[in-house]
Amino acid sequence: MRKLLKTFAFAFFLFAIPSADCAQKGRERFDPNGSFWIIGPAPSGFSDFSAINSNARRARPLPSPGLQLNNGWTFRFQQLTVKREKFTFITTQVLGVSYSFSGRFLKGGVFAETVLEDQSPVLEGNLTKLVQGKKLAEAKLRFAYFGGT
């Protein structure tokens with residue numbers, strides 16, 4: 001009986017542990033931390049746009065999280081959802097102006113550990129600029145990734 005239990009325990013160790021490990025490997029880790037820049041020229045109403053900064057870990061080489069303008073102003077995220085299939089945010093207002101975004105990531109994985117081309121789209125969606133809560137500009141955009149220097 002003792003030999004049978006040892007055999008069962010050994011078989012469990014051989015088959016159960018590796019299959020649990022494979023299940024973990026099947027779930028790809030997703031981390032889009034970095035900055036996202038519009039691919040191509042900025043459309044009308046967004047000429048002052050610089051980047052969307054997803055810096056959840058607040059890493060030093062990356063700008064503060066939020067939407068950043070060319071003049072250095074940052075609109076911090078008021079509401080934020082970061083998932084592979086759903087990336088949405090609403091920013092706080094600065095002088096009556098705010099932004100909202102609804103889109104999705106086109107790639108998975110850990111962006112900082114992946115070689116991504118400068119003009120390769122990794123994010124797409126609708127960016128809206130609001131003044132006093134009213135839509136001033138809206139555009140469907142594609143964004144490239146920049147992980148910092």
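The values are calculated or read from the model by the stated rules, or taken from the named source; none is laboratory data. These figures come from a predicted structure and were not determined experimentally. Cβ sites come from the backbone with ideal geometry, for glycine too, and all protein chains shown count toward neighbours.
Scanning the stretch 52-68 for residues that are modelled with pLDDT of 95 or more and among the aliphatic types (A, V, I, L, M), which turns out farthest from the chain's Cα centre (by Cα)?
Selected residue: LEU67.
Please go through the stretch 110-142 and give me each residue that is over 18 Å from ALA51 (Cβ atoms) and in contact with a Lys or Arg (Cβ under 7 Å, 6 or more places away or on another chain), ordered by number.
Listed by number, the residues that qualify are VAL110, LEU136.
State yes or no: is SER64 surrounded by 13 or more Cβ atoms within 10 Å (Cβ to Cβ), small (Gly, Ala, Ser) and without any contact (Cβ under 8 Å) to a residue 60 or more places away in the chain? Before you say what the answer is, go through the steps one by one.
On the way: surrounded by 13 or more Cβ atoms within 10 Å (Cβ to Cβ): no; small (Gly, Ala, Ser): yes; without any contact (Cβ under 8 Å) to a residue 60 or more places away in the chain: yes.
So SER64 fails the test.
Can you pull out the residues in the stretch 110-136 that are touching a Phe, Trp or Tyr at 6+ places or on another chain (Cβ under 7 Å) and over 20 Å from GLN79 (Cα atoms)?
PHE111, LEU116, PRO121, VAL122
Hey, does the stretch 105-113 have a residue that's acidic (Asp, Glu) and touching a strand residue (DSSP E or B) at 6+ places or on another chain (Cβ under 7 Å)?
Taking the stretch 105-113 first, the residues acidic (Asp, Glu) are 113.
So of that shortlist, the ones also touching a strand residue (DSSP E or B) at 6+ places or on another chain (Cβ under 7 Å) come out as none.
Taking every residue of the stretch 105-113 in turn, none turns out to be acidic (Asp, Glu) and touching a strand residue (DSSP E or B) at 6+ places or on another chain (Cβ under 7 Å).
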